[in-house]
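J.: One structure coming up, written as structure tokens, with questions to follow.
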Amino acid sequence: MKTLLLMRHAKSSWKDSEIPDFDRPLNKRGEKDAPRMGKVLKKERLRPDLILSSPAVRAKETTKAVVEKLEYDEHVEYLDSLYLGEPENYFQALLDLSDEVDRVLMVGHNPGLETVLQILSGKVESLPTGAIAYLQLPIRSWKALNSSIEAHLVEVWRPKDLK
């Protein structure tokens, strides 16, 4: 069985309208929420074998905060295809994984993440900024992943529910 953690980047800043979308940093709320979500993963003992993240500044900052709280010292891959990626981009990134990876955390953007969650679980769930969805996949190889796989949605954690 494989484990997939889908995390939407934490809340980003719109303060400076001159900053391109890719370069927007986290705002104060995002800077507070991202490490809290890392603590959730640590408390739940959901340390990933690999982290795949969008290279957008807000996703990188989210990933960095989660990594620090998890005391994660493994490799983080930043994939251009996850920046505003379509579901196919997320699926392709997973299909390319080694089967030695059992648990992966993907940090990305909506609407792609919510759509991946819906395709795999059959459930329509909101993933607001900073949210994490925990899925168990009934596969032994990432190559077996496809849109007909019925994942078990174990939990969705949202920053606002943790206060």
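Readers should treat all values here as calculations from the given coordinates under stated rules, not as data from a laboratory. Predicted model only: the values in this text are computed from it and were never measured. Note that each Cβ is placed from the backbone with ideal geometry, even for glycine, and that neighbours are counted across all protein chains shown.
J.: Any chance you could get the radius of gyration and Dmax over the Cα atoms of the chain, in Å?
T.: 14.6, 46
J.: Report the extension gain between Asp21 and Glu88 in nm, rounded to one decimal, defined as 0.36 nm multiplied by the number of residues separating them, less their alpha carbon distance.
T.: 22.0 nm
J.: Continuing with this model, one more query. Given only helices, namely DSSP H runs of n ≥ 4 each adding -39500 (n - 2.57), what is the per-residue ellipticity at 222 nm of the chain, to the nearest 500 deg cm²/dmol? The partial results should precede the final answer.
T.: Details: 4 runs with 49 residues, N = 163.
Rounded to the nearest 500, it is -9500 deg cm²/dmol.
J.: Counting C-alpha atoms alone, how compact is region 48-132: give Rg to one decimal and Dmax as a whole number, in angstrom.
T.: Expressed in Å, the Cα Rg and Dmax of region 48-132 come to 12.4, 33.
J.: Same structure, new question: Sort 65-78, 138-151 by packing, meaning the average of other beta carbons within 10 Å per residue, with the highest value first. Write down the numbers at each step before the final one.
T.: Working: 65-78: 15.9, 138-151: 13.4.
Per-residue mean Cβ counts within 10 Å order the peptides as 65-78, 138-151.
J.: Also, I was wondering about something else. What FRET efficiency comes out for the pair Arg29/Ser147, r = Cβ-Cβ distance, R0 = 25 Å, nearest 0.05?
T.: E between Arg29 and Ser147, to the nearest 0.05, is 0.15.
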